[in-house]
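Structure first, then comments.
The values are calculated or read from the model by the stated rules, or taken from the named source; none is laboratory data. Just so we're clear, the structure is a prediction, and the values are computed from it rather than from any experiment. Here the Cβ positions follow ideal geometry from the backbone for every residue, glycine too, while neighbour counts run over all protein chains shown. Please note that ligands, DNA and RNA were not included when accessible areas were found on the heavy atoms of the full protein model with its side chains. Shrake-Rupley method; radii C 1.70, N 1.55, O 1.52, S 1.80 Å.
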Amino acid sequence: MTPLDTATPPPPDPAPVTPGGPAPLTPAGGPAPAVPTPPHPHHRDVNGGWLRPAVFGAMDGLVSNLALMSGVAGGSVAPHTVVLTGLAGLAAGAFSMAAGEYTSVASQRELVLAELEVERRELRRNPEEELAELAAVYEARGVEPRLAAEVARQLSADPQQALEVHAREELGVDPEDLPSPLVAAGSSFVSFALGALLPVLPYLLGASALWPAVALALLGLFGCGAVVARVTARTWWYGGARQLVLGGAAAGVTYLLGNLFGAALG
């Protein structure tokens, strides 16, 4: 028998794996280790910084401008005065909302960044104390002490990762996903202007009475509430009805006040 006859043949190439098929085998016959795949996000983005100002801006624009115009119309003024009031309310409210949202979100972001800088200094100056603190957090969640210490040690090996972990565990924020002041301000401005435009639109198209503006605005309130309910996983009719009732009540009360003030002032 020649050496060529006794040589061990090379192992065959591993068979390709098809979805749902058997796992590939190693040359020894055992299953090959699975290749980890990155997790796929399946939750809504709740920290983007745009949803709250957009929703609040649209609702505020609809309710406040409808109530403002209803109050002025209740004073028995001319239609062009109601239109002028609605346009002024649109411009003033949109700029006010944008400025307020920018200042609010920027202040919040600056506070978080300042706290992150404090945490970064603590990680540099007192790494052992921060390591013990992180391990204690995991222990409080039910992790065995030795395992908690090992997890904390491995997570703290990379300074940037250690900062992110401490920020999430201690501050409840993600340093990579802080809300943007510009996004919040822009969302608030556009949504308020669109919401406030609805009650003005019938007058711009030739209406001379208040009821078309009220009808369109209430329809818009119901639609906005229904859309928001879809985003927040609530029933559309509940979200729409809630906004319809709140907006209608605000407009009705303001109209009555405008009527009373108009009669009192002559």
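Okay, here's what the table says:
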read-out	value
Among the residues listed as 147, 163, 204, 155, the single one being over 17 Å from the mean Cα position of the chain (by Cα) and under 30 Å from residue 255 (Cβ atoms)	204
Residue in region 203-213 that is on the phi > 0 side of the Ramachandran plot, modelled with pLDDT of 90 or more and of a type in the set (Gly, Ala, Ser) present	yes
Enumeration of residues in region 170-188 that are in contact (Cβ under 8 Å) with a residue 60 or more places away in the chain and either hydrophobic (A, V, I, L, M, F, W, C) or in contact with a Cys (Cβ under 6 Å, 6 or more places away or on another chain) (or both)	173, 178, 182, 183, 184, 185
Checklist (1) at pLDDT 90 or above; (2) farther than 26 Å from residue 102 by Cβ; (3) open to solvent by less than 60 Å² (accessible area, probe 1.4 Å) applied to residue 84, failing item	(3)
Qualifying residue in region 103-110 (condition: open to solvent by less than 70 Å² (accessible area, probe 1.4 Å), out of contact with any Asp or Glu (no Cβ under 9 Å at 6 or more places or on another chain), without any contact (Cβ under 8 Å) to a residue 60 or more places away in the chain and not in a helix (DSSP H, G or I))	no
Residue within region 159-174 that is under 30 Å from residue 118 (Cβ atoms), buried (at least 21 other Cβ atoms within 10 Å of the Cβ) and not small (Gly, Ala, Ser) present	yes
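Per-residue answers, yes or no, for (1) open to solvent by less than 60 Å² (accessible area, probe 1.4 Å); (2) among the charged types (D, E, K, R); (3) within 21 Å of the chain's Cα centre (by Cα):
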residue: 208; (1), (2), (3): no, no, no
residue: 213; (1), (2), (3): yes, no, no
residue: 224; (1), (2), (3): yes, no, yes
residue: 233; (1), (2), (3): no, no, yes
residue: 239; (1), (2), (3): yes, no, yes
residue: 250; (1), (2), (3): yes, no, no
residue: 255; (1), (2), (3): no, no, no
residue: 258; (1), (2), (3): yes, no, no
residue: 265; (1), (2), (3): no, no, no
